[in-house]
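FYI, it's all coordinate maths here, none of it is from the lab. What you see is a predicted model, and the numbers here were worked out from it, not measured in a lab. Every residue, glycine as well, gets a Cβ built from its backbone with ideal geometry; the counts of neighbours run over all protein chains shown.
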Amino acid sequence: MTKVITVCNQKGGVGKTTMTMSLASLWHHQGKSVVIVDTDRQQSATKWEQRSETFPVPVTPILPDQLKTFASAVRKRAEGADIVLVDTPPTLAGDTVTIACFVADLVLVPIKPDALHIDALEEFRGFLDEANAKRAKLEMDPLNVRLVVNMMPNRKAARLVVEKLEELTGLAALTNRIGDRSDFQLAALNRAGLVEVSAATSPAYKELVALASEIEESL
Ligand SMILES: Nc1ncnc2c1ncn2[C@@H]1O[C@H](COP(=O)(O)OP(=O)(O)OP(=O)(O)O)[C@@H](O)[C@H]1O
Ligand SMILES: [Mg+2]
């Protein structure tokens with residue numbers, strides 16, 4: 001059965017696209033069939049793949065307008081794939097992110113442990129409550145949502161921010177975190193997958209492998 005993972009956070013620059021591309025390239029490398037759907041008009045994921053000669057996972061831009069048409073476009077694109085990763089824009093305006101979340105088996109919310117992101121995440125909590133109210137009316141289960149800590153510095157203040165974000169949203173963060181690692185920027189610079197620019201022994205690679213397996217357990 002294909003699993004759909006939607007990566008979202010209306011805050012810009014938290015690492016949605018980087019995480020989408022990194023997880024996709026790792027799972028591909030591990031022998032899974034993966035496709036990426038890009039719902040962001042900026043088309044960062046689409047351009048990353050188009051301008052790359054080596055990025056191993058296809059990226060298809062699909063702008064969601066209605067749930068039914070988006071769900072069927074994703075199903076068609078996903079034919080035979082193990083995992084579909086859906087990258088989303090940094091906004092909660094319109095229906096794009098709602099629709100992208102409605103088709104997901106798992107919603108991943110990358111967060112930066114930054115105190116100024118607390119308000120944004122509270123707003124995201126409100127968005128989830130609304131989405132779940134809509135789902136309840138349609139007799140659908142609540143969304144399966146996990147925070148993913150990204151660009152984690154080794155500082156006490158950052159740990160306190162993560163605790164605060166979990167407490168305020170009532171959402172659990174996955175135990176495995178991604179540090180602030182230049183390899184992720186190198187991957188973007190080279191339009192590559194992390195696995196192509198980073199040695200298997202590097203901290204970035206190891207963190208990604210640990211995170212990916214925890215995500216699979218959460219599906
Ligand atoms: N773990 C990381 N360590 C260091 N840099 C990172 C990490 N993850 C992402 N970045 C960098 O942070 C910046 C923002 O990342 P990215 O574009 O993936 O965020 P985004 O949430 O998709 O942004 P947008 O909201 O504009 O779509 C990029 O320069 C990227 O290389
Ligand atoms: Mg992005």
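Close amide H partners of residue 147, meaning residues 5 or more places away or on another chain with modelled amide H under 5 Å apart, are 109, 172, 173, 174. Qualifying trypsin sites (Lys or Arg not before Pro) in the stretch 5-65, where qualification requires a DSSP coil assignment and no more than 16 other C-beta atoms within 10 Å, comprise 32, 41, 51. Among 39, 120, 140, pick out the residue whose Cα is farthest towards the positive end of the charge dipole of the chain, where Lys and Arg carry +1 and Asp and Glu carry -1 on C-beta, about the Cα centre. Farthest towards the positive pole: 39. Per residue, the chain reaches -14000 deg cm²/dmol at 222 nm when only DSSP H runs of four or more residues are counted, each adding -39500 (n - 2.57).
Within the chain, the longest run free of exposed loop sites, counting GluC sites (Glu not before Pro) that sit outside DSSP helix and strand states (H, G, I, E, B) and have at most 12 other Cβ atoms within 10 Å, spans 140-219. With θ taken as phi - 60° and the Karplus curve 6.51 cos²θ - 1.76 cosθ + 1.60 applied, the whole-hertz 3J(HN,Hα) list for the stretch 208-215 is 5, 4, 5, 5, 4, 6, 5, 4 Hz, x standing for glycine and proline.
Residues in the stretch 143-153 carry Karplus couplings, in order, of 4, 8, 10, 10, 7, 10, 6, 10, 6, 6, x Hz; the curve used is 6.51 cos²θ - 1.76 cosθ + 1.60 with θ = phi - 60°, and Gly or Pro positions show x.
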